1. Looking at the stretch 165-185, which of the residues that are surrounded by fewer than 18 Cβ atoms within 10 Å (Cβ to Cβ) and of a type in the set (A, V, I, L, M, F, W, C) is nearest to the chain's Cα centre (by Cα)?
2. Would you confirm whether any residue within the stretch 98-110 is touching a helix residue (DSSP H, G or I) at 6+ places or on another chain (Cβ under 9 Å), within 12 Å of Ala65 (Cβ to Cβ) and either among the β-branched types (Val, Ile, Thr) or modelled with pLDDT of 95 or more (or both)?
3. (1) part of a helix (DSSP H, G or I); (2) modelled with pLDDT of 95 or more: which one isn't true of Met176, the others all being true?
4. Given the conditions (1) at pLDDT below 95; (2) closer than 24 Å to His136 by Cβ, report the number of the one that Asn76 does not fulfil.
5. From the residues in the stretch 90-131 that are hydrophobic (A, V, I, L, M, F, W, C) and in a loop (DSSP other than H, G, I, E, B), which one is nearest to the chain's Cα centre (by Cα)?
6. Can you tell me which of (1) more than 27 Å from Glu128 (Cα to Cα); (2) touching a residue at least 24 places away in the same chain (Cβ under 8 Å) is the one Pro47 doesn't meet?
7. Quickly run through the stretch 82-95 and pick out the residues that are touching a helix residue (DSSP H, G or I) at 6+ places or on another chain (Cβ under 7 Å) and at pLDDT 95 or above.
8. Condition first: of a type outside the set (A, V, I, L, M, F, W, C), surrounded by fewer than 19 Cβ atoms within 10 Å (Cβ to Cβ) and in contact with a helix residue (DSSP H, G or I) (Cβ under 9 Å, 6 or more places away or on another chain). Now tell me which residues in the stretch 111-143 satisfy that.
Amino acid sequence: MRVKARAKSSNTPCPIWIYGEYITTPPKHPSGEVRPEGHYIDKGGYPGANVYAVSADTLCRQTVAVDKRKRDIYENDILLYETEEEIGYFIVQDTETAVDIINGEILDIEALQAEDIRIIGNLIDYPEFIEGMRYHVENGLDVPYLPALDVMETPLPFLKMTCLKCGHITLGCCYMAKHKGCGGYFTADFATKIYREKEKEKAFA
């Protein structure tokens, strides 16, 4: 079985994302070592040299779609949908469909317009994202505008998260849905305000 995918390494001190072909019958190591059946990602190159054992529960298959930056979209990706009129968030459910977490609409992934979507993270790294966003929707709150869930990978400033239950404010590199101190949900912003283009236009009109 070979399919383009990504998954997190299972034999490294800190699991990292590995991209390539998912295989269950690995080739021999260049040293001649025979690897057992299992879950692997083969990154290609010299035969058998770039093969990594991975955790099957983190496996995400590559879809046919790309985002506005031409980045390949995988299962479990969190997509920011942004036009001049609105924002929204989609979760890539499988290689063919994406789900709008605001209203539950299911769309063919090929129907998404690449120029309107951006990958901002994935559910493996941010499993509470859906819960956090739905809390805002169900309670009539503005859904946060998040162009990235990990600002260390971007030029964006630190995330500023305010607990909606106790008011605690914390700055961080990565999005969190809940405040461990009181169990309340965070609403997220930035240490330095990030404006969408239309908001900039209004500010300087």
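1. Restricting to residues being surrounded by fewer than 18 Cβ atoms within 10 Å (Cβ to Cβ) and of a type in the set (A, V, I, L, M, F, W, C), the top hit is Cys174.
2. yes
3. For Met176, the exception is condition (1).
4. (1)
5. To start, the set of residues in the stretch 90-131 that are hydrophobic (A, V, I, L, M, F, W, C) comprises 90-92, 98-99, 101-102, 106-107, 109, 111-112, 114, 117, 119-120, 123-124, 129-130.
With the extra rule that they be in a loop (DSSP other than H, G, I, E, B), the set shrinks to 101-102, 112, 123-124.
On the way: Ile101: 14, Ile102: 16, Leu112: 16, Leu123: 6, Ile124: 7 Å.
Taking the candidates together, the pick is Leu123.
6. (2)
7. Tyr89, Ile91, Val92 - these are the residues of the stretch 82-95 that are touching a helix residue (DSSP H, G or I) at 6+ places or on another chain (Cβ under 7 Å) and at pLDDT 95 or above.
8. Residue satisfying the conditions is Asp142 alone.
The values are calculated or read from the model by the stated rules, or taken from the named source; none is laboratory data. Here the structure is a predicted model, which is why all the values come from computation and not from measurement. Please note: Cβ atoms are built from the backbone with ideal geometry, for glycine as well, and neighbour counts cover all protein chains shown.
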